[in-house]
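A short write-up of the structure that comes next.
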Amino acid sequence: MHLELSILALFAFLYSLIAGRVERGAASGPMFFVFAGILMGPLVLGWFDGNAISSQLRTFADMTLVLILFSDAANVEISVLKSKIAIPARMLLIGLPGVIILGFGLALVLFDMLNIYEAAILGTILAATDAALGKAVVTDEKIPAWIRTGLNAESGLNDGLCVPFLFIFIAMSLEAMTPTGDAIRPLTVVLEEIGIGLIVGLGLTYAGSLLLRQCLARGWVTEVWKQVTVPALALACFSLAQLWHGSGYIAAFTGGLLFGHLLDDTKHKFVLAAEGVGEALAMLTWLLFGSSVVAGVIGLVSWQVILYALLSLTIVRVVPIFLSLAGTEATVKDRLFLGWFGPRGLASIVFAVIVLDSGLPGGELIALVVVITVFLSLIAHGFTAKPMTNWLVKQKPDSRG
């Protein structure tokens with residue numbers, strides 16, 4: 001344990017020294033850590049045995065997602081989001097269901113060993129996009145603010161919106177295996193997940209922000225403990241919503257939006273610590289993913305798995321998003337860009353772990369497809385971030401933000 005911990009700590013320290021240089025290059029930080037994990041894992045050097053259990057991976061991924069969702073939401077420009085709300089709204093309300101449906105249909109065609117509910121589960125898992133992997137795009141100020149804000153809002157909310165549907169399809173699949181006669185109330189589940197997530201995220205953040213302002217005015221908050229405020233509040237929003245059977249992801253994102261709005265003038269110095277911790281956790285999660293997950297499934301890949309992953313990253317994502325923005329002010333270039341930048345990552349990994357824990361017959365195949373899709377997304381979206389950004393901003397400047 002101490003040897004592995006020392007390797008992780010030294011690697012994280014060395015990367016922190018060159019992070020700026022890596023981010024200016026073609027490869028992204030997550031790519032760097034995943035390939036380092038593969039190198040350190042059982043396939044090459046054997047420094048890690050590859051036996052990281054699913055609960056460890058899920059814990060890392062959950063904590064990472066929560067901090068990134070909260071801090072990214074806090075940094076959203078609310079005025080831009082309000083003026084261009086139609087873009088993320090269409091992507092979530094029209095594009096997201098379209099991605100799930102296309103992914104479901106493709107799974108039925110390519111994987112005859114999956115039943116109808118398991119195919120729907122796979123489509124749902126890979127409809128969720130990753131705010132962390134899209135960071136290089138949503139923080140690039142060369143890209144119009146309304147596009148960055150739209151992608152940030154979409155990736156922040158679609159994870160939470162996918163959760164209730166994931167649990168509905170898992171419940172339906174288990175019900176089909178061993179009928180119990182219990183009624184499944186899909187609409188109720190969806191409303192509970194979203195409603196509780198919103199109430200907890202907004203309510204807890206509002207109360208916490210008021211307390212923070214009062215304590216700041218009295219000089220009770222020290223410089224050291226300022227670093228703890230946002231990470232603690234973000235984790236509290238997530239955990240309390242999950243405890244009450246709501247969506248912790250929606251709670252974290254909406255809480256971050258409200259926090260950024262209420263502390264607009266001082267938010268950056270509070271959010272910075274959460275961004276740093278979230279970034280560090282994300283990189284260690286990707287290293288664990290490379291050493292334990294990718295190394296363990298690489299020999300199980302089939303042409304159907306590769307084909308599904310490639311289509312999921314392209315047609316399945318791009319077409320519904322492109323069509324959902326028809327009639328808006330987004331140009332063809334804008335719509336293609338928004339469609340392409342839907343990287344799959346930490347949320348999909350967490351969802352795959354949930355499916356494995358549920359004991360579904362098709363769980364291992366679903367997890368395999370998710371792992372390969374995330375791995376290919378890491379490479380594809382990492383290498384195309386800068387070229388696609390340059391391609392987008394070549395269009396004539398206009399008044400769209």
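So which of Leu43, Leu5, Leu96, Leu69 ends up being at negative phi, surrounded by 16 or more Cβ atoms within 10 Å (Cβ to Cβ), modelled with pLDDT of 75 or more and more than 16 Å from the chain's Cα centre (by Cα)?
The conditions single out Leu43.
How about segment 187-206: which of its residues are in contact with a Cys (Cβ under 7 Å, 6 or more places away or on another chain) and open to solvent by 50 Å² or more (accessible area, probe 1.4 Å)?
Across segment 187-206, the qualifying residue is only Leu204.
Quick one: would you say Thr384 is open to solvent by 10 Å² or more (accessible area, probe 1.4 Å), assigned to a helix (DSSP H, G or I) and closer than 27 Å to Ala86 by Cα?
Yes, satisfied.
Can you go through Gly278, Gly255, Gly290 and tell me which one is open to solvent by less than 40 Å² (accessible area, probe 1.4 Å) and touching a Cys at 6+ places or on another chain (Cβ under 8 Å)?
Of Gly278, Gly255, Gly290, the one residue that is open to solvent by less than 40 Å² (accessible area, probe 1.4 Å) and touching a Cys at 6+ places or on another chain (Cβ under 8 Å) is Gly255.
When segment 360-381 is examined, which residues are found to be assigned to a loop (DSSP other than H, G, I, E, B) and farther than 15 Å from Leu166 by Cβ?
Pro361
Looking only at residues that are among the aliphatic types (A, V, I, L, M) and at pLDDT 80 or above in segment 136-154, which one is farthest from Thr384 (Cα to Cα)?
Among those residues, the one meeting the criterion is Ala153.
So which residues in segment 293-317 are within 30 Å of Ala19 (Cβ to Cβ) and buried (at least 20 other Cβ atoms within 10 Å of the Cβ)?
Val293, Val294, Ala295, Ala309, Ser312, Leu313, Arg317
Give the residue, chosen from Leu204, Leu157, that is assigned to a helix (DSSP H, G or I), within 20 Å of the chain's Cα centre (by Cα) and either aliphatic (A, V, I, L, M) or at pLDDT 80 or above (or both).
Leu157 is the lone residue from the list that is assigned to a helix (DSSP H, G or I), within 20 Å of the chain's Cα centre (by Cα) and either aliphatic (A, V, I, L, M) or at pLDDT 80 or above (or both).
Working only within segment 207-249, note down all residues that are under 25 Å from the mean Cα position of the chain (by Cα), outside any helix (DSSP H, G or I) and surrounded by fewer than 16 Cβ atoms within 10 Å (Cβ to Cβ).
Those that are under 25 Å from the mean Cα position of the chain (by Cα), outside any helix (DSSP H, G or I) and surrounded by fewer than 16 Cβ atoms within 10 Å (Cβ to Cβ): Trp244, His245.
Could you count how many residues in segment 124-148 are under 13 Å from Phe341 (Cα atoms) and in a helix (DSSP H, G or I)?
Residues in segment 124-148 being under 13 Å from Phe341 (Cα atoms) and in a helix (DSSP H, G or I): 6 in total.
Just need a number here: residues in segment 350-395 that are of a type in the set (D, E, K, R) and without any contact (Cβ under 8 Å) to a residue 24 or more places away in the chain.
2
I'd like to know if segment 155-168 contains one or more residues that are closer than 19 Å to Leu356 by Cβ, without any contact (Cβ under 8 Å) to a residue 60 or more places away in the chain and either surrounded by fewer than 19 Cβ atoms within 10 Å (Cβ to Cβ) or of a type in the set (Lys, Arg) (or both).
no
The values are calculated or read from the model by the stated rules, or taken from the named source; none is laboratory data. Here the structure is a predicted model, which is why all the values come from computation and not from measurement. Neighbour counts are summed over all protein chains in view; Cβ atoms, including those assigned to glycine, are modelled from backbone coordinates with ideal geometry. Surface areas here come from the heavy atoms of the whole protein model, side chains and all, with no ligands, DNA or RNA. Shrake-Rupley method; radii C 1.70, N 1.55, O 1.52, S 1.80 Å.
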